[in-house]
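The values are calculated or read from the model by the stated rules, or taken from the named source; none is laboratory data. These numbers come from a predicted model, not from an experiment. Cβ coordinates were reconstructed from backbone atoms using ideal geometry, including for glycine residues, and neighbour counts include every protein chain displayed. Ligands, DNA and RNA are excluded from the accessible area calculation, which covers all protein heavy atoms including side chains. Shrake-Rupley method; radii C 1.70, N 1.55, O 1.52, S 1.80 Å.
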Amino acid sequence: RIRRDINRVKGLPDKAKEIPSKVKPREHAEEIRRMWLPGWRMSTTTCIAAGACFLITVLWLWVYFHLLYKSDRPESLHYWIGDEDEEAAAGGGEPHQEQTDIVMVFPNPGQAEGRAVTGLGDVLVQNLGGRAVLPRVYALLKEQDLTTTTLQTCLIKDLMTALPSAGFRVKIFNSLDGKQLFFRIGLADEAAVQHYMAAEQRRSQLAPELVAGLGVQQNPAEEASSPPWLAFDPSLPQKLAKEGIPGVKPGQVQGVYRTYHGTHAGGSIARSTDRVDMITAYLGKFIDMEAAVAAGAVEAWYPVHRRARLQQLRYMWGKWSRGLDRNCRQPIHYLWNYYGSRVAFMFAWTGFYCKALTALLIPALVCLAIMIGTWAVDYEVDLALTILQLSFSAVIIVWARWSVNTWHQERNYFIKTWGLEGIPRARPQYKGALVPSPVNDRELEVQGSLAGAVVWRYVSLTVTLAFCAGVLFSIYMWFTLFQGRMDLVASLCLSINIKVFELVFRPVAVWCTNKENHMYDRDYANALVWKNFAFEAINYYYPFIYLMVFAKYSEAGCPVVEGIGPDCVWALRRQLMGTVFFLVGCYRIGEVIFLYALGRWKLYYEAGGDSPRSFLEEQYHYTEWELRDQVEYMLQLVLSLGYVVLFGSVAPVVVVIIWAVFLMQLRGTAWFLTHACRRSFPVELPGVGAWRSCIELLLVAGVVVSALVLVIHGEAFEMSYLLTKITFTVLFIFVASVVWFALDQEAPELDESTVLMERRRKYVLSVLKDLTQRGQVPAVKPGVTPAILRGNWGVIPRLDPTHPEWRQVDTEENRVRNEPEKPLGAEQRHSVDGMFRIVP
């Protein structure tokens, strides 16, 4: 037995040598592949080539976003206007005494024929003070046969009386042909501006010179040195002047808050958009201007353009030659001051993706060159396409996330810089009953029916789904009709089908959103965005998703491509090129040219040809560009971006087309807004609203579609099992999630400059708070402090209950503790009941 044990011990080293040969890593990996990826045939060479292409492209993206990318954050206009060009950019001025912010256009009651008015109650906003402001209009509620002429006359008289008493300057004049009355409203008095800013708790930015006067040294040339925003306080100059802050005078706010020049000779603490918003807020308390236009009481109303500033915008931003700028720089701060944050964010987003698509343009052109080269020489075409499709799918996933994160950094910087943290204001179109406010029971506010809003939202959802079903049926009929020949005619018919459904659904979406009765502008805009995006995503993308995912398994199979045979991928490439060219490129450019021609026609023919007109009257003949047009503008661009995210890996030529579309859309719309468009009403929104969630959804869909294309049409999965395709799809999505997580850490939503700006602002506010609150805390009796300062430590009392001071404190506490509770008097009970709500 001992000999047997010795022999067994001697044989252990030989058995240990055999263990590695049984558990080789390569064989173990091959066993796992057979278990989870049966039938998968992708060579190591293909994987290495695709990985190398991916790493080289990611390196290029890093170089572009970190070294070549130029942001629109600088506020200086020196990039667009040199010293020698300032005179050309400034254009003609206009007298300050003629300052006007908003114009209402009425039909001349002396010449226009009145028509019947219905729904006057919809024009008036429910407000207890409305009868005092518009007494003549409220008196018309009792009339039976009300005409537009009577309503216009009463409204003009009421406004001529009420607005000057509220601090607004008004003036009225006739049009050149005498058919319209132009009612001008302006907020030119600086005292009135300060009154409304304080009453509405509007935020104002501190002046940069005040920060230096507080003893805070910050480099004004740095982005992070933007002064903080705080609620306007007219008493702040008095407090700072009392503390001896240099450059601050009592009662003069110009040295404390930032001053904007260009309208008032001495400057104003309110921007032009602020004054327009204050006038709109005042009018919105009593009258719904959109309903007034629909009822015929008002023909139009719009904020006026400033001739000098508009000329400057045309020079800096509205010229087609600016499209040659490879950096795609825009004066975003100038746009914010002139149009408001919603329009500024839209063009900041458009300009950013022009730059981001430029980063993707180089890899896309390289892929196109390789594809064309291999196809021309007919050498390893399938292998080259597999490598390019695999690598470019991963590249687009990384690029899309990197671009979104970088945009979030830009967006958050602008939100912090512009102080967009105010409380939203209720829309005049919001309908409901006057009930006690949940904030203050002693005040009444309009509150709509929650049940009615929920019902109408379900109705809107049903209508949207019905239109989506109609789109799916029409696309099925299109595919049935053209399944054998996916040519240029098929692309043209598909484009027409998409546009017809789009034009029909657009007013339906507006009607449904109006019925939902949203309280705030941002909620209304987001609801309109989601309806349009949900419908248009199916309308635009489903034909190509059907070709990519479902056509191969249908009865007809993949469409036959001339010279290639049945091939879904090549059919998809041809349809993408034709449809995107017709649908996105030609249509949008043609739309801009049509709108400009329409504006010129209205200007020269409806207004009397070349007769001399004032610039104020000329703007009446311009084209509107309000919320619905802005939603349409963003919708077309987001849908175009979706073609890159969803189908760019299959057809890299889409990247080239969409890059050109973004550039043309940016330059064309900038030219249109500065030459033939009315100035839009400013709306302060933090970012692009619901479009952010729409883009995030497109990114997730892009990952799933890329994985499905690889497993359905890739050569490596032709003979594989369903388990292989499912495993690869899950693994692809998991790896994409890991890569996105790493990119989120590399490019967080708040970059270093924004974080530093927040820290500097908090420090300035703390210094300002210490100065303004100094001496407000009442002093108390020092006690034994003087004796301690002299070093007399014996006067410190002992913590002894027998000490006289201790007995005095103890006696007072016992007296208060043992004193019986007295009942409240009638006056005290009334006071308490008014302060608190008693719950039984």
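Computed quantities for the displayed model
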item	result
Residue match in segment 337-353 (condition: open to solvent by 20 Å² or more (accessible area, probe 1.4 Å) and in contact with a Pro (Cβ under 8 Å, 6 or more places away or on another chain))	yes
Test: PHE479 is over 30 Å from ASP122 (Cβ atoms) and at pLDDT below 80	yes
Filter result for ILE172 (within 15 Å of GLY110 (Cβ to Cβ), buried (at least 17 other Cβ atoms within 10 Å of the Cβ), modelled with pLDDT of 90 or more and under 39 Å from the mean Cα position of the chain (by Cα))	no
Selection status of PHE183, buried (at least 19 other Cβ atoms within 10 Å of the Cβ) and not in a helix (DSSP H, G or I)	yes
Test: residue in segment 687-695 that is open to solvent by 40 Å² or more (accessible area, probe 1.4 Å) and more than 25 Å from the chain's Cα centre (by Cα)	no
Flag for THR729 being surrounded by fewer than 20 Cβ atoms within 10 Å (Cβ to Cβ), of a type in the set (Ser, Thr, Tyr) and touching a residue at least 12 places away in the same chain (Cβ under 8 Å)	yes
Identity of the residue in segment 222-241, open to solvent by 60 Å² or more (accessible area, probe 1.4 Å) and touching a Ser or Thr at 6+ places or on another chain (Cβ under 9 Å), that ends up nearest to LYS416 (Cα to Cα)	GLU223
Criterion (closer than 30 Å to ARG342 by Cα, modelled with pLDDT of 75 or more and over 26 Å from the mean Cα position of the chain (by Cα)) met by exactly one of SER449, SER391, SER403	SER449
Answer residue from segment 58-73, given it is loosely packed, with under 15 Cβ neighbours inside 10 Å and part of a helix (DSSP H, G or I) and is farthest from the chain's Cα centre (by Cα) among those	LEU59
Flag if ALA433 is in contact (Cβ under 8 Å) with a residue 12 or more places away in the chain and open to solvent by 40 Å² or more (accessible area, probe 1.4 Å)	yes
Segment 504-518 - residue that is polar (S, T, N, Q) and in a helix (DSSP H, G or I) and, of those, surrounded by the fewest Cβ atoms within 10 Å (Cβ to Cβ)	ASN514
First in segment 761-774 and farther than 15 Å from ALA212 by Cβ, second anywhere and among the hydrophobic types (A, V, I, L, M, F, W, C), Cβ under 6 Å, 6 or more apart	none
Top-ranked residue in segment 114-163 [being touching a residue at least 60 places away in the same chain (Cβ under 8 Å) and of a type in the set (Ser, Thr, Tyr); ranked as nearest to ASN174 (Cα to Cα)]	THR148
Boolean, LEU465 is assigned to a helix (DSSP H, G or I) and open to solvent by 50 Å² or more (accessible area, probe 1.4 Å)	yes
Residue that is farthest from VAL700 (Cα to Cα) [pool: residues in segment 519-578 that are hydroxyl-bearing (Ser, Thr, Tyr) and open to solvent by 20 Å² or more (accessible area, probe 1.4 Å)]	TYR520
Segment 170-190 residues that are within 28 Å of TYR260 (Cβ to Cβ), paired with ones that are open to solvent by 10 Å² or more (accessible area, probe 1.4 Å) and among the aromatic types (Phe, Trp, Tyr) (beta carbon under 7 Å, 6 or more apart)	PHE182/PHE173
Some residue of segment 95-102 being part of a helix (DSSP H, G or I) and either within 25 Å of ALA426 (Cα to Cα) or at pLDDT 90 or above (or both)	no
Residue within segment 411-429 that is outside any helix (DSSP H, G or I) and surrounded by 21 or more Cβ atoms within 10 Å (Cβ to Cβ) present	yes
Some residue of segment 374-390 being of a type in the set (Val, Ile, Thr), assigned to a helix (DSSP H, G or I), touching a residue at least 12 places away in the same chain (Cβ under 8 Å) and open to solvent by 20 Å² or more (accessible area, probe 1.4 Å)	yes
Extreme residue, farthest from VAL193 (Cα to Cα), among residues of segment 240-281 that are over 33 Å from the mean Cα position of the chain (by Cα) and assigned to a helix (DSSP H, G or I)	LYS242
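Residue by residue, here is whether (1) in a loop (DSSP other than H, G, I, E, B); (2) within 17 Å of TYR622 (Cα to Cα); (3) under 24 Å from the mean Cα position of the chain (by Cα) holds:
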| position | (1), (2), (3) |
| --- | --- |
| ALA291 | no, no, no |
| TYR302 | no, yes, yes |
| SER321 | no, no, no |
| ASN327 | yes, no, yes |
| VAL343 | no, no, yes |
